[in-house]
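The values are calculated or read from the model by the stated rules, or taken from the named source; none is laboratory data. Treat the numbers as computed from the prediction; the structure is a model and nothing was measured. Every residue, glycine among them, receives a Cβ derived from its backbone with ideal geometry; neighbour counts consider all protein chains shown.
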Amino acid sequence: MTEAVSGTDVRAILDARGYRTALEWIARRAEAFVIPLAALVAGMLLFSLFIAMVGKSPVQLYETMWRGGFGSWFSIQNSLSRGAPLLLAALCVALPARLGLVVIGGEGAIVLGGVAAAAIGVALNGAPSFLVILLMGVGGVAAGGIWIGAVGALRHYRAVNETISSLLMAYIAIALMNHLVEGPLRDPASLNKPSTQPLADIYRVGNIPGMEVHWGLVVGILACVLSWLLIEKTRWGFAARIAGGNVRAAQVQGLAVGPLIVGFTALAGGFAGLAGMLEVAAVQGSANGSLAAGYGYTGILVAFLARHNPLAIIPVAFLLGGIDASGGLIQRRMDLPDATVLVLQGMLFIVILFSETFYGRFKLFNPDLWQRPDSLKGTV
Amino acid sequence: MEAIDIGLWGVPLAMLGGAIRVSTPFIFVSLGEAITESSGRINLGLEGTLVFGAMSAYAVAVMTGSPWLGLLAAAVAGLCFGLFHGWICKFPKVNDIAIGIALMLFGTGLAFFFGKPFIQPSAPDLPAIPFGAWSDIPQVQAALNVNVLFLIGAALAAFLWWAFRNTRIGLIVRVVGDSADAARAMGLDPNTVRLLATGVGGALAGIGGAYLSLYYPGSWTERISSGQGLMAVALVIFARWNPLGCFAAALLFGGAGALGPALQSVGVTQGYYLFYAAPYILTLVIMIATSSPSRTLAGAPGELSITK
């Protein structure tokens, strides 16, 4: 770039560049919306095919799903209630994913967070309610945080694969919950369904005024926003993104990768533990087997669908909550097994992961491929 | 058969019998995963394959009256799941671990979907050989009642151990697993080799599932597998991708899984659920003990993403 350019030329070049950068920005952002959306549609079409093959009407299915999940104020509130724990469960996957870790055992943190909260709530019976609820939250966060933080620590300091260890620990957590709920913490009055003693009413987390949705929704949305700020706007988030890109490079830069990994995984587990606490304090009223309801596994799907972006988790959790909520109606109206929703989720998950292969491939979304001579293609 | 009180001797005996009974699915899934991982790809979806194999085996056995046709159906279903995993993972930027998780959910969902009508009816069992017939003690007889699939699994482990070292196919799989570049230089197509290795791995996992529903515990329920498919993946790492090691490790895991029921059979019921967690804890402890942050695992296929 040594040849002389006149002033007007420079302005023309700058204008053109400015125009192009704006367009490039839009193009790159558009990719992040269009591809997941297209994948979602493709997944639903595939599922229509499946439903048609088992001899039911896909149109009726989606109509029922819409009515059960989003068709009325009642069903929207239902979807929001189901989505609330998914927000926190998805963060348990999305935060470690920023460091390049695939943690899939959030269910364990949810279960233990719930048990810890129930134990605290029963033990402190009689204390002021705000204090007890606060301590239940702290207990839930601590239990979940220790559980998933241990997965992160094992990953960094012992090179134990986090995907397998987190899932094994989820099974251990569920066994531990069963042991505690059937044994030491069991309420003798719970006959058919072993539970801990019920929380006193003043320790229950109530509904948002004017809605049939508990405060967990607000907590979940706040957690997502805070996580987004943490990742995008703080130096820890920046460091995490570097470490997620290349651990070796991060270490060379002098970043304390170990504490970063343990901190992020512990925070992720803390969110899942909080989801368990809210399940106990707002929904169940005691810790019991219903804590292992599969929110941890649906959370994996939510996080991947949102491409591990905490803000994108909010709408996706609502969508998946709606699909979950419509499951019962589909079962009753269309005489389909309750696993129908699971099949849909599995299909969506596969298609979403498959769509990863299309990023950067379409000329429309990839400014690097714009207006390039054919001779230069493939040189980058 | 009336039970004779043999006191605490019942615990090791029940554990031995339990180890033989419980280990068979581990043997098949881990041998399948050993083949897949040796080719450089990991399939975490085998948990879903196991559950779907269990369901399809049971369904076909109920409908045809033949457990062997059920076994075949499970193997074919597993093959399809494996081939699908192998096919989808060949695309660039598609993560094999994440696809495995997705297939785990999908396989489980599909099995529950189609398995609903088969929870009630009962299917014919796979046959067992009574090696304990020499003894008068019913507990010994029960412990040594060995299913044919266990014997097939043991033979398969020895065969695979031999084949990985001594056959052309075994060498091809290992070369592809260690370096895709080297394989390409030899004129091999890594994607095809991995596709087939994942397919065979899936078929074996399906057979493991068939054992669950057709022999032990011997019925189809939605709780039939609680992570066996996934533990088998960890077991392969512990066994260092050696088929004979997989067999030994499967026996160990089977023994751990049998601890809770064995103790319960002699009247120890305290902390039943904690004993139930024994195989998971054992797996985790073994993974912690055998992993190392400073070196790659001995014997690990160079292309495997999970050990990097």
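Here are some notes:
- Only one of the listed residues (A:223, A:143, A:173) is assigned to a helix (DSSP H, G or I), within 14 Å of another protein chain (Cβ to nearest Cβ), closer than 19 Å to residue A:299 by Cβ and of a type outside the set (Phe, Trp, Tyr). That residue is A:173.
- Of note, residue B:116 does not satisfy the criterion of being charged (D, E, K, R) and within 30 Å of residue A:355 (Cα to Cα).
- Restricting the stretch B:85-98 to residues that are part of a helix (DSSP H, G or I) and facing chain A (nearest Cβ under 9 Å), the residue that is nearest to the chain's Cα centre (by Cα) is B:97.
- Close pairs (7 angstrom Cβ cut-off, 6 or more residues apart or separate chains): over 14 Å from residue B:239 (Cα atoms) and within 13 Å of chain A (Cβ to nearest Cβ) in the stretch B:289-305, modelled with pLDDT of 75 or more and part of a loop (DSSP other than H, G, I, E, B) anywhere: B:292/A:159; B:293/A:159; B:304/B:40; B:304/B:42; B:305/B:42
- Here the helices (runs of 4 or more DSSP H) wholly within the stretch B:133-232 that include at least 1 residues being of a type in the set (Val, Ile, Thr) are B:138-143, B:148-166, B:168-178, B:190-214.
- Residue in the stretch B:28-47 that is nearest to the chain's Cα centre (by Cα), counting only those that are more than 9 Å from residue B:205 (Cα to Cα) and in a helix (DSSP H, G or I): B:34
- Taking residues in the stretch B:99-118 that are more than 7 Å from chain A (Cβ to nearest Cβ), and partners anywhere that are surrounded by 24 or more Cβ atoms within 10 Å (Cβ to Cβ) and charged (D, E, K, R), the pairs with Cβ atoms closer than 7 Å and at least 6 places apart or on different chains are B:104/B:47.
Residues checked against (1) under 30 Å from residue A:121 (Cβ atoms); (2) at pLDDT below 90:
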site: A:235; (1), (2): no, no
site: A:239; (1), (2): no, no
site: A:254; (1), (2): no, yes
site: A:264; (1), (2): yes, no
site: A:272; (1), (2): yes, no
site: A:275; (1), (2): yes, no
site: A:305; (1), (2): no, yes
site: A:326; (1), (2): no, no
site: A:333; (1), (2): no, no
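- Qualifying residues in the stretch A:176-209 (those that are part of a helix (DSSP H, G or I) and touching a strand residue (DSSP E or B) at 6+ places or on another chain (Cβ under 9 Å)) - the one surrounded by the fewest Cβ atoms within 10 Å (Cβ to Cβ): A:180
- Some residue of the stretch B:266-275 being in a helix (DSSP H, G or I), in contact (Cβ under 8 Å) with a residue 40 or more places away in the chain and within 9 Å of chain A (Cβ to nearest Cβ): no
- Against the criterion of being more than 10 Å from chain A (Cβ to nearest Cβ) and more than 18 Å from the chain's Cα centre (by Cα), residue B:236 does not qualify.
- Residue match in the stretch B:252-263 (condition: surrounded by fewer than 19 Cβ atoms within 10 Å (Cβ to Cβ), touching a helix residue (DSSP H, G or I) at 6+ places or on another chain (Cβ under 8 Å) and at the interface with chain A (Cβ under 10 Å from one of its Cβ atoms)): no
- A single member of B:65, B:82 is more than 12 Å from chain A (Cβ to nearest Cβ) and on the phi > 0 side of the Ramachandran plot, and it is B:65.
- Of the criteria (1) of a type in the set (D, E, K, R); (2) more than 14 Å from chain A (Cβ to nearest Cβ); (3) over 22 Å from residue B:85 (Cβ atoms), which one residue B:223 fails: (2)
- Within the stretch B:276-288, considering residues that are facing chain A (nearest Cβ under 7 Å), of a type outside the set (Phe, Trp, Tyr) and buried (at least 21 other Cβ atoms within 10 Å of the Cβ), the one farthest from residue A:186 (Cα to Cα): B:287
- Residue list for the stretch A:149-164, filter: in contact (Cβ under 8 Å) with a residue 12 or more places away in the chain and either over 26 Å from residue B:285 (Cα atoms) or within 14 Å of chain B (Cβ to nearest Cβ) (or both): A:150, A:151, A:152, A:153, A:155, A:156, A:157, A:162, A:163
- Hey, residue A:342 assigned to a helix (DSSP H, G or I), more than 8 Å from chain B (Cβ to nearest Cβ), within 23 Å of residue A:294 (Cβ to Cβ) and modelled with pLDDT of 90 or more or not: no
- Within the stretch A:62-114, being farther than 24 Å from residue B:47 by Cα, among the hydrophobic types (A, V, I, L, M, F, W, C) and under 12 Å from the mean Cα position of the chain (by Cα) holds for A:84, A:87, A:88, A:91, A:95.
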